[in-house]
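Visitor: Quick one: structure below, then a few questions.
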Amino acid sequence: MNYTSWALVPTTNPIAVRMGVLSIKCDLMIRGLINSIIVFGGAGCGKTYSINRALDAYRSRGLDPVHGNPASFKDILEAFDFAASMSGGKPSRVRPIFFDEADTVFSSEKSLNILKVALAPDRRDRVYQGQRLDAPVFISSNRHPDKFPAGKQPHIRAVFDRVPPLVVPINAYASWEYACFLAITTPMNRYTNVGRAISLDVQVRALEWFTDNAHSLAVVGPRALHGAAEIMSMNMPAYAEEIDLLQLLSSRPEVMIDDPVQHDWRDLILNAPTNVKQRGN
């Protein structure tokens, strides 16, 4: 794949396209033009990375997000209560909520009924049993919406009538390509989770390892590629590094529509055209 082909990833790769839409929706959330986002997609595909960039914008305004992985409807109501607890009654000061890996939300009728209220288009309707549900809400799930119980589907469709979901397709080859694109064009693989710089040599080696092992990865996507770079940046003895990298692999080969191939990753990172880097940011 040459530079021109990599430049087309944002508009031709099915995962990159959905992530581009997610980025647009996150921007609309930050500007207050919409109040909620629902996104479905496989683990490690980049959903959380995109949403966290939006949450950083809220943090810059002094609005620390409320993170939750609700196990019941009570957890959902508590999150909304906590999000509003320091707002002083001002809707603009209600903190955003991020329900991550929120599969249980879509499996509970009561939870879905609460969501219907929280996602109502008219703010005056966002009251559940006397409690206001005003917070901006990001909801992320690793399951496809069709995989939830049939009995809950009418309620799920009612939620989607209020907020159309964004569904990221499961496509292993596209996930490999999208992860490599991010590593080439964004800071994703240039820093560890604690902000320590990752050398160019390690970035290149991580891309090589990720490509060589694409068919064997437990989860193909940005999370696995960043995980490999994080492990390699620790300068552990080779045997210790190998043991940690093995945790990213699965015994079941991943079926892909095409075979990932190696590129001159160093050259791509250093010399990708400006327009590619801008599209990736």
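Values in this text are rule-based calculations from the coordinates and carry no lab data. Treat the numbers as computed from the prediction; the structure is a model and nothing was measured. Every residue, glycine among them, receives a Cβ derived from its backbone with ideal geometry; neighbour counts consider all protein chains shown.
Visitor: Which percent of Cα-Cα pairs in region 172-280 sits in each 5 Å bin, short to long?
Guide: Histogramming region 172-280 at 5 Å steps yields 2, 13, 23, 25, 20, 11, 4, 1, 0 percent.
Visitor: At what distance in nm do the modelled label points of Asp75 and Ala218 sit from each other, each positioned 7 Å from its Cα along Cα→Cβ?
Guide: 2.0 nm
Visitor: Roughly what % of DSSP beta bridges within region 35-167 run antiparallel, to the nearest 5?
Guide: Details: 2 of 15 bridges.
Around 15 percent antiparallel, to the nearest 5.
Visitor: Taking a label point 7 Å from the Cα of Gln153 along the Cα→Cβ vector, which residues of region 163-206 have an amide N closer than 20 Å to it?
Guide: Counting only backbone N, you get 163-170.
Visitor: Another one. From the square roots a ≥ b ≥ c of the eigenvalues of the alpha-carbon gyration tensor of the chain, which class results: rounded (a/c under 1.5), prolate (a/b over b/c), or oblate?
Guide: prolate
Visitor: Give the separation of the Cα centroids, region 18-89 to region 186-223, in Å.
Guide: 26 Å
Visitor: In nm, give the distance between the simple-model label positions of Arg31 and Val255, each being 7 Å from the Cα along the Cα-to-Cβ direction.
Guide: Using points 7 Å along Cα→Cβ, the separation is 4.2 nm.
Visitor: Quick check on the chain: of the DSSP beta bridges with both residues there, what percent are antiparallel, nearest 5%? It would help to have the intermediate numbers written out before the result.
Guide: Working: 4 of 17 bridges.
Just about 25 percent of them are antiparallel.
Visitor: Which net charge results when you count Lys and Arg as +1 and Asp and Glu as -1 among the other residues whose beta-carbon is under 13 Å from that of Lys116?
Guide: +1
Visitor: Set the Förster radius R0 to 45 Å, insert the Cβ-Cβ distance between Ala238 and Val21 as r into 1/(1 + (r/R0)^6), and round the FRET efficiency to 0.05.
Guide: The value I calculate is 0.60.
Visitor: Loop only per DSSP, at most 15 neighbouring Cβ atoms within 10 Å: give me the trypsin sites (Lys or Arg not before Pro) in region 5-101, ordered by residue number.
Guide: Values: sites: Arg18, Lys25, Arg31, Lys47, Arg53, Arg59, Arg61, Lys74, Arg93; in loops: Arg31, Arg61.
Listed in order of number, the matching sites are Arg31, Arg61.
Visitor: To continue, here is another question. At each listed q (0.10 Å⁻¹), what is the log10 of I(q)/I(0) that the Debye formula gives for region 35-167 modelled as equal alpha-carbon point scatterers?
Guide: Evaluating at q = 0.10 Å⁻¹ gives log10 I(q)/I(0) of -0.29.
Visitor: Using the crude model of +1 on Lys and Arg Cβ and -1 on Asp and Glu Cβ, and no other charge, please compute the dipole size for the chain relative to its Cα centre, in debye to 20.
Guide: Here the chain has a charge dipole of around 1400 debye.
Visitor: Same structure again: Of Lys90/Lys110; Lys116/Lys152; Lys74/Lys116; Lys25/Lys47, which sit over 23 Å apart, Cα to Cα?
Guide: In this structure, Lys90/Lys110 exceed 23 Å between Cα atoms.
Visitor: What does the charge count around Ala174 come to, taking other residues whose C-beta lies under 11 Å from its C-beta (Lys +1, Arg +1, Asp -1, Glu -1)?
Guide: -1
Visitor: A further question on this structure: With label points built 7 Å along Cα→Cβ from the Cα atoms of Thr12 and Asn113, find their separation and express it in nm.
Guide: Inter-label distance under the simple model: 5.0 nm.
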